[in-house]
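Notes to accompany the following structure.
The values are calculated or read from the model by the stated rules, or taken from the named source; none is laboratory data. The model shown is predicted, which means the values in this text are computed figures rather than measured ones. Neighbour counts run over all protein chains shown; Cβ positions are idealised from the backbone, glycine included. Note: areas computed on protein heavy atoms with side chains; ligands, DNA, RNA excluded. Shrake-Rupley method; radii C 1.70, N 1.55, O 1.52, S 1.80 Å.
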Amino acid sequence: MIAVGSATGTAQLWNGDTGKPEGPSCTHRDEVRGVAIAESSGALLMVSGGFDEQAVVWDPFGAVPSTEPMPHPGRVLDVAF
């Protein structure tokens, strides 16, 4: 799996073998600058952050936040697990 962030305000998983998206896009209110994926308790999670001044942990296959958005005082430029 490859995690991709976009200037259109979306983050999404892509299948590296097929070159196709996996699941729906996860949406921010502004450009996404950082995306990371990790496995936790057998589930795949994705975190994204961007110019909307928040970081969000997602269920990437349902495009729903796994946590409340984490607000920051400025643009989020990178994220990591």
Looking at the square roots a ≥ b ≥ c of the eigenvalues of the Cα gyration tensor of the range 15-71, which shape do they give, rounded for a/c under 1.5, prolate if a/b is larger than b/c, or oblate?
oblate
Which net charge results for the neighbourhood of LEU13, defined as the other residues with beta-carbon distances under 15 angstrom from its beta-carbon, given Lys and Arg at +1 and Asp and Glu at -1?
-3
Please list 3J(HN,Hα) in residue order for the range 66-81, calculated via the Karplus relation 6.51 cos²θ - 1.76 cosθ + 1.60 where θ = phi - 60°; whole Hz, with x for glycine and proline.
8, 9, 5, x, 9, x, 10, x, x, 4, 8, 9, 7, 9, 7, 9
Of the heavy-atom accessible surface of the chain (probe 1.4 angstrom), what whole percent is carbon and sulfur?
51
Taking K and R as +1 and D and E as -1, what net charge do the other residues with C-beta under 13 Å from the C-beta of GLU53 add up to?
0
Interchain or sequence-distant (5+) residues whose placed amide H lies within less than 5 Å of the amide H of GLU22 are LEU13, TRP14, ASN15
Accessible area expressed per residue, the chain, with surrounding protein chains retained (probe 1.4 Å, Å²):
57
By the mean-Cβ-within-10 Å protection proxy, highest first, 8-15, 66-73, 53-60 rank as 53-60, 8-15, 66-73
